[in-house]
1. (1) assigned to a loop (DSSP other than H, G, I, E, B); (2) outside the structural domain of residue 12 (by TED's automatic domain parsing); (3) free of Cβ contacts under 8 Å to residues at least 12 places away in the same chain: which one isn't true of residue 114, the others all being true?
2. Of the numbered conditions (1) at pLDDT below 95; (2) in the same structural domain as residue 13 (by TED's automatic domain parsing); (3) assigned to a loop (DSSP other than H, G, I, E, B), residue 59 fails exactly one; give the number of that condition.
3. Scan 21, 15, 4 and give me the residue that is within 22 Å of residue 69 (Cβ to Cβ) and loosely packed, with under 11 Cβ neighbours inside 10 Å.
4. Determine whether the stretch 36-49 contains at least one residue that is assigned to a loop (DSSP other than H, G, I, E, B) and more than 18 Å from residue 65 (Cβ to Cβ).
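The values are calculated or read from the model by the stated rules, or taken from the named source; none is laboratory data. All figures in this text were calculated on a predicted structure; none of them were measured in a lab. We place every Cβ from the backbone using ideal geometry, glycine too, and count neighbours over all the protein chains shown.
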């Protein structure tokens, strides 16, 4: 939830941006799409917005159904918890696992991009390896 029970959502539809606010308590959705404004209803699985085209409605419904990513503080707390709980376990392979899990927690959707960048070196792609380690 972004602010006061209202969840904001921006969705790219073709070459236009659709902006919507979902009022969590009531399920009312207010949509701005191009020069037009719409009001509709979201029940957690079905989106009804009279006048909104099918492509825009499908894209918005998918965005509303997607879970909210964890907050920065929740990701930081998860990484710290991993370090505290498992960081002291002996073995380089276990420590590699802790580092990998911490990066996953902190990076979220950017994990693959970060690992790719870590593996690339001055001499080109895949110069280094990323060790996911072994869980303790």
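1. Against the list (1) assigned to a loop (DSSP other than H, G, I, E, B); (2) outside the structural domain of residue 12 (by TED's automatic domain parsing); (3) free of Cβ contacts under 8 Å to residues at least 12 places away in the same chain, residue 114 comes up short only on (1).
2. (3)
3. So the residue among 21, 15, 4 that is within 22 Å of residue 69 (Cβ to Cβ) and loosely packed, with under 11 Cβ neighbours inside 10 Å is 4.
4. Scanning the stretch 36-49 turns up no residue that is assigned to a loop (DSSP other than H, G, I, E, B) and more than 18 Å from residue 65 (Cβ to Cβ).
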